[in-house]
Amino acid sequence: MTTHRAATAAGLLPDDALHRALLRSIVDVARAIFRAEAASVFLLDEAADELVFEAVSGQGEESLVGRRFPSSTGVAGWVLVTGQPLILDDVAADPRFAVQAAESTGYVPKAIMAVPLLSGERTLGVLEVLDRASGERFTAGEANLLGMFGTQAAIALDLLARSRAARALLDEGSGDAAVLTRVAALPDDAEPVQRRHGLQLPEALAGLLSGEARR
């Protein structure tokens with residue numbers, strides 16, 4: 001692969017810094033929109049079956065990123081498992097709230113609004129906003145808005161994850177998937193005829209495989 005093509009591919013496939021920046025923007029925007037004391041994103045580590053604090057804005061932002069707990073723990077665990085949003089105006093009165101887990105973070109909220117991060121049929125994690133300085137309650141309409149925001153965030157995160165996987169294949173430089181990844185990363189200044197013929201290959205393979213599947 002030429003230096004130019006590698007640079008082009010690198011521009012197309014975002015890196016860890018962009019992933020972290022996206023996560024941070026999600027929690028910062030959510031906290032600002034809902035005038036919350038804190039906002040956090042938990043992502044599911046499927047291999048470990050754990051939820052991980054991936055980004056925090058406000059209370060706990062200096063200490064919580066990277067902390068883990070079992071995927072079924074507390075409000076975040078309930079939202080992850082059910083795929084349903086949840087509003088709690090008084091967390092202490094609800095059995096789904098994990099008091100000990102909250103205490104271990106150093107911040108015990110009074111109110112929580114949480115939504116799943118949905119990308120298609122996959123639940124990638126949970127987005128939460130916690131408390132308001134004014135004490136104002138979260139509403140069902142706001143939960144719907146947070147849910148829509150969470151879905152858009154999840155789609156962006158899923159696309160980044162796929163791009164990171166593609167980058168790994170590209171860096172590995174071998175195997176069928178890596179070849180297709182290189183084809184997808186053809187530079188914009190390639191000769192039109194070269195680019196057209198290069199892109200016909202994956203299209204032909206897709207047609208062949210779909211035909212085999214129908215037999």
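The values are calculated or read from the model by the stated rules, or taken from the named source; none is laboratory data. Model, not experiment: these values are computed from the prediction. Glycine gets a Cβ as well: all are built from the backbone with ideal geometry, and neighbour counts include every protein chain shown. Ligands, DNA and RNA are excluded from the accessible area calculation, which covers all protein heavy atoms including side chains. Shrake-Rupley method; radii C 1.70, N 1.55, O 1.52, S 1.80 Å.
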Here, GluC sites (Glu not before Pro) of region 99-151 satisfying both criteria (DSSP loop; at most 12 other Cβ within 10 Å) are GLU121, GLU136
Note on region 27-120: alpha-carbon gyration tensor, axes a ≥ b ≥ c; rule is a/c under 1.5 for rounded, else prolate if a/b larger than b/c, else oblate; result rounded
Chain lengthening between LEU159 and SER63 when straightened (0.36 nm per residue, less Cα-Cα)
31.8 nm
Give the long-range amide H neighbours of LEU117: residues separated by 5 or more places, or on another chain, with amide H under 5 Å away, using H modelled in the peptide plane at 1.01 Å from N.
LEU124, GLY125, VAL126, LEU127
Go through PHE149, PHE53 and list them by solvent-accessible area, largest first, probe radius 1.4 Å.
PHE149, PHE53
Check which residues have an amide H placed less than 5 Å from GLU61's amide H, if you skip close sequence neighbours.
none
Residues whose built amide H sits under 5 Å from the amide H of ARG67, excluding neighbours closer than 5 in sequence, are PHE53
